[in-house]
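*Asks:* Sharing a structure below in structure tokens format, with a few things to ask.
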Amino acid sequence: MDRYKKITAAAVLGFAAVMAFGTFLSRGKKVSADEARTLTDFPKASLSAMFDGSFPEQAEKHFTDHFMLRSKWLSFESDIQPRIGESIVNGVYIGEDRLLNCGISDRIPDPSAAEKINDFAAGYDGTVYIAAVPSSSGVYDDELPYHLHGDSEAQQISGFYDSLSGSVRKIDAYNILRMLRDNYIYYRSDTKWTSYGAYCVYRTVIQKLGFLPTTYDKYTVLHVSDNFRGNLYNRTLYKDIMPDLLDIYEYPDGAQVTACMASDGDGHTVESSLYDMDMLETSDMYRMYLGKEVPVLDIETSLNNQRKLLVIKDSYADCFIPFLTQHFSRITVVSPEHMKGVLSDNVDVSDYEQTLILFGIENIGNTGFFSGISS
């Protein structure tokens, strides 16, 4: 028996030593391709960090991020937990045919965000339109366990809209998407809508902006990838959900993009495009839409109607923007999360008769997202 205990102890110690050594070697990694995120750096030691507890907390996060075979362990956990009745992994509910974010009741609409939009609209000579887009959890919330239900995303969006001034034109994306939920309007492995989901809302948005929408039959739909795994997959590495499609909608007989220029906010401008096909070879395939995030993207089309649109957006709008190119001679796209200074430091808002603010509900409580909006 003593010999057996010694062998067991030696095996455990050996395993721990191998894992510790492997973890130490993996600390040089800066990014996890599987999880599509930056890994935590080892914290700098200081007396204040030791006393306030931040050093051990950050150190624990660092070693957790760099734990040997972390991706394999996470994938194994995601695979085994649904089999034993635990369907939530890393804040993600694993359903029969889709992944859903569980934090839908955690978002509290930010009152200062509404104030920023109201101030912008008050000082703007044109018309402001706003579309807050629900996540997949908001449209398919009935698929979540009952104990995860809180304030619905419909209630959150409605409350946010109620705090906006009457001069801001509100667009109800939620009910459009809810009504079409049996269609492929949301990715199975991501919180965001698909290109078809974006198209369904575009038809209403563009009518609000004064145009007739381009009918679906005019488009040629290209399936450029059938292996997209989104942000919910990155949090679980759960492979039993079918990968998603990434689509491009082309209108050969319609207006064409004649120029697409990206600005980094420091006065440097480079040529860009609506689609960066190279991103399909990376772990962040959704970045194919509009390419690398930049503060300002200027799009010019072959239309000569002199209509200009300013779009203030987050990533939900990336697959939405191409539909707008059939109606405006110029579209300027601003990403507040990557913008330096305030909006007026980056674009001359007086050049635009219409401004569309389109964002996912994840940003409804994000003070930083709206803080730079200023006319």
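Values quoted throughout were computed directly from the atomic coordinates according to the rules given, and no laboratory measurement underlies them. Keep in mind that this is a model prediction, so the values were computed, not measured. Here the Cβ is made from the backbone with ideal geometry for all residues, glycine too, and neighbour counts use every protein chain on show.
*Asks:* Ser272's amide H: which non-local residues (gap 5+, or another chain) put their own amide H closer than 5 Å, with H modeled 1.01 Å from N in plane and none for Pro or chain starts?
*Replies:* Cys260, Met261, Ala262
*Asks:* Please report, in Å, the Rg and the Dmax of the range 157-262, where both are computed over Cα atoms only.
*Replies:* Considering the range 157-262 through its Cα atoms, Rg and Dmax are 16.7, 47 Å.
*Asks:* Now a separate question. How would you classify the range 217-309 from its alpha-carbon gyration tensor, with a ≥ b ≥ c the square roots of the eigenvalues: rounded for a/c under 1.5, else prolate if a/b is greater than b/c, otherwise oblate?
*Replies:* Numbers: a/c = 3.04, a/b = 1.46, b/c = 2.08.
In terms of gyration-tensor shape, oblate.
*Asks:* One-quarter of the Cα convex hull surface for the range 245-375, in nm²?
*Replies:* 8.5 nm²
*Asks:* Cross-link list Lys218/Lys292; Lys292/Lys313; Lys170/Lys208; Lys292/Lys340; Lys116/Lys308: which exceed 19 angstrom alpha carbon to alpha carbon?
*Replies:* Distance filter (> 19 Å) returns Lys218/Lys292; Lys116/Lys308.
*Asks:* Would you mind ranking Glu271, Glu143, Glu300 by Cβ crowding within 10 Å, fewest neighbours first?
*Replies:* Listed from fewest to most nearby Cβ atoms, that is Glu271, Glu143, Glu300.
*Asks:* For the range 99-370, what's the radius of gyration and Dmax over Cα atoms, in angstrom?
*Replies:* For the range 99-370, the Cα radius of gyration and maximum Cα-Cα distance read 18.0, 54 Å.
*Asks:* Could you please rank Arg229, Arg188, Arg307, placing first whichever residue has the fewest other Cβ atoms within 10 Å of its Cβ?
*Replies:* Sorted ascending by nearby Cβ count, the order is Arg307, Arg188, Arg229.
*Asks:* So, one more: Arranged from highest to lowest average of other beta-carbon atoms within 10 Å per residue, in what order do the peptides 172-185, 319-332, 231-244 appear?
*Replies:* The most tightly packed comes first, giving 319-332, 231-244, 172-185.
*Asks:* Now for a different question. Roughly speaking, what is the centre-to-centre gap between the range 129-146 and the range 350-375 when only Cα atoms are used, to the nearest Å?
*Replies:* 20 Å
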